[in-house]
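The values are calculated or read from the model by the stated rules, or taken from the named source; none is laboratory data. Every value quoted in this text rests on a predicted model; they were computed, and no experiment measured them. Here Cβ is always computed from backbone atoms with ideal geometry, including for glycine, and neighbour counts include all displayed protein chains.
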């Protein structure tokens, strides 16, 4: 009995081949070139002493948390995610949920930092507010989105990765793999791999 695992992975491979990447002026750029350029940007960010901030909701929050730990532990890069339970409930209670990323970014972002904004829908108001706050602080913005090709997040970054799937699983898998690939390239380029 086959439940369709072959098709599932074939679909993931096809989605990977068709990730749309655009720059800040919405001009299409090569996926591989974008990932390589992003790794170079992260190396420069590390050398300048700046940090990478990750934001996301739900599973994207888990990706954010995982990647922030890996970027600093494995890559030696200052990295943080804003998904602590006390932070989320405090900001939600005092300011409203749409501000849960905006407020910490306003406090902790420095000019020259980078924000990685992850949202399967690309429409989460708190993610969009976080991106706006990062722009005000003159941070570089990288977006990862999916579902609707016209989602607002997919046009807000300096580099925008869009996955054309309509289901959470494939979008999240590909977002996670992009973040991991960038880190692995950074680590490889620096000749380090910490366990």
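Selection over segment 36-60 of residues that are closer than 19 Å to residue 175 by Cα and either crowded, with 18+ Cβ neighbours inside 10 Å or touching a strand residue (DSSP E or B) at 6+ places or on another chain (Cβ under 6 Å) (or both) gives a count of 11.
Against the numbered list (1) touching a residue at least 40 places away in the same chain (Cβ under 8 Å); (2) farther than 18 Å from residue 127 by Cα; (3) within 16 Å of the chain's Cα centre (by Cα), residue 72 comes up short only at (1). Residues of segment 100-110 include at least one that is modelled with pLDDT of 95 or more and under 23 Å from residue 37 (Cα atoms).
Evaluating residue 150 against the criteria (1) free of Cβ contacts under 8 Å to residues at least 12 places away in the same chain; (2) over 21 Å from residue 166 (Cβ atoms) leaves one unmet condition, (2).
If the condition is being in contact with a helix residue (DSSP H, G or I) (Cβ under 9 Å, 6 or more places away or on another chain) and in a helix (DSSP H, G or I), then segment 79-89 contributes 87, 88.
Here's the yes/no breakdown for (1) under 19 Å from residue 35 (Cβ atoms); (2) at pLDDT below 95; (3) in contact with a strand residue (DSSP E or B) (Cβ under 7 Å, 6 or more places away or on another chain):
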| residue | (1), (2), (3) |
| --- | --- |
| 125 | no, no, no |
| 133 | no, no, no |
| 136 | no, no, no |
| 184 | yes, no, no |
| 195 | no, yes, no |
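Considering only residues that are under 23 Å from residue 154 (Cβ atoms) and surrounded by fewer than 22 Cβ atoms within 10 Å (Cβ to Cβ), which ones fall in segment 90-101? Passing the criteria: 97, 98, 99.
Note on segment 63-86: among residues that are closer than 23 Å to residue 128 by Cα and out of contact with any strand residue (DSSP E or B) (no Cβ under 8 Å at 6 or more places or on another chain), the one that is surrounded by the most Cβ atoms within 10 Å (Cβ to Cβ) is 66. Of the helices (runs of 4 or more DSSP H) entirely within segment 1-75, those holding at least 1 residues that are farther than 25 Å from residue 188 by Cα occupy 5-17, 59-73.
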